[in-house]
1. Between rounded, prolate and oblate, where does the stretch 205-271 land on the alpha carbon gyration tensor, with a ≥ b ≥ c its root eigenvalues, rounded for a/c under 1.5, else prolate if a/b exceeds b/c?
2. Can you run phi through the Karplus equation (6.51, -1.76, 1.60; θ = phi - 60°) for the stretch 27-40 and list ³J(HN,Hα) in whole Hz, with x for Gly and Pro?
3. By the gyration tensor of its Cα atoms, with a ≥ b ≥ c the square roots of the eigenvalues, what is the shape of the stretch 182-238: rounded for a/c under 1.5, prolate for a/b over b/c, or oblate?
4. What residue among 202, 143, 254 shows peak mean-square fluctuation when the chain is described by a Gaussian network model with Cα springs under 10 Å?
5. Which whole-number percentage describes the relative contact order of the chain, with Cα contacts under 8 Å and a sequence gap of 6 or more?
6. Going 7 Å from the Cα of residue 105 in the Cα-to-Cβ direction, what parts of the stretch 26-68 have a backbone nitrogen less than 16 Å from that spot?
7. Please list the non-local residues whose amide H lies under 5 Å from the amide H of residue 144, H modeled 1.01 Å from N, same-chain partners needing a gap of 5 or more.
8. Please list, in chain and number order, the residues 5+ apart from residue 25 or on another chain whose amide H is under 5 Å from its amide H, with Hs placed from the backbone.
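Quick note: the coordinates plus some simple rules give every number you see, no bench work behind them. Fair warning: this is a prediction, and the values are worked out from it, not measured in the lab. We place every Cβ from the backbone using ideal geometry, glycine too, and count neighbours over all the protein chains shown.
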Amino acid sequence: MLLVLVLGMRVTGCIESNVFYFPSRESFTNPPGCEDVWIKTPDGKRLHGWFMRAADAAPGEVRPAVLHCHGNAGNVESHLDFSRFLTHAGMHVFIFDYRGYGRSDPARMLSRDVLLLDSLAAFDVLAARADVDRKRTGVYGVSLGAVFALSVAERHPEVAGVCTVAAFSSWRGVASDHVPIIGTLLIPGGLDPRRIVPTLGSRPYLIVHGTADEIISIRHGEILEKAASTAGVPVRVARINGADHNGILNYQESRNVIAEFFRAVLVTDGP
């Protein structure tokens, strides 16, 4: 009976939906410089995002751009400052909410498959903009968002570079860190970052991880580093001393290394 229950929960995805995703639908106002963008997914969902123009760009000026795939909680308002700093590095930034988050359409159940669908749709909208240089796009994923940033890059070879912050290496791996054995049984495999990283090929990859991360151990960053180096992916690792999971992007060191990475890859033609 227990086995049937476990299999049932895995098949329906209810465990993943309740353990990995904590969306907020609290109302919020638009900060200055944030342009509302609406995204239509292939399955008919309407998603909300904010486009932020490079700080020194004129309206309509073509610039490189970065897609920000945010973490598992909150909404665009709570994650805005984790990427807005990139607008001062010469590039546009697009942050969006997955279904169920913020102003995006509600969703009864969330899963990695539908969030990937949302992320791909967001990238398509960004790349289609007249003020974005499609040949100079990057993807940036924080925590859970790293899964989708890497997956977008896997499916879009024109993406020039990838940065992940506080990323886990596999779904089962991070689940079993917190709930040994049971986490492995209840969380299915698939769409694991450690298996996606080798598909980056010759594109530069930046891993940023805090040494004091209590939610996603830095061990996961080391696994991703090994996956990249073994496959010949040009990888750089920034270990942020003393940074925990939720505070890592409050460190100026983190912001500096991320901005320098994307500036080199997208703006000045070299990592």
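1. Note, shape of the stretch 205-271 comes out oblate.
2. 5, 8, 9, 7, x, x, x, 10, 8, 5, 10, 10, 10, 10
3. Taking the square roots of the gyration eigenvalues as a ≥ b ≥ c, the stretch 182-238 is oblate.
4. Fluctuation is largest for 202.
5. Computed over the chain, the figure is 16 percent.
6. Counting only backbone N, you get 38-49.
7. Long-range HN contacts for residue 144: 72.
8. Residues meeting the amide H criterion: 102.
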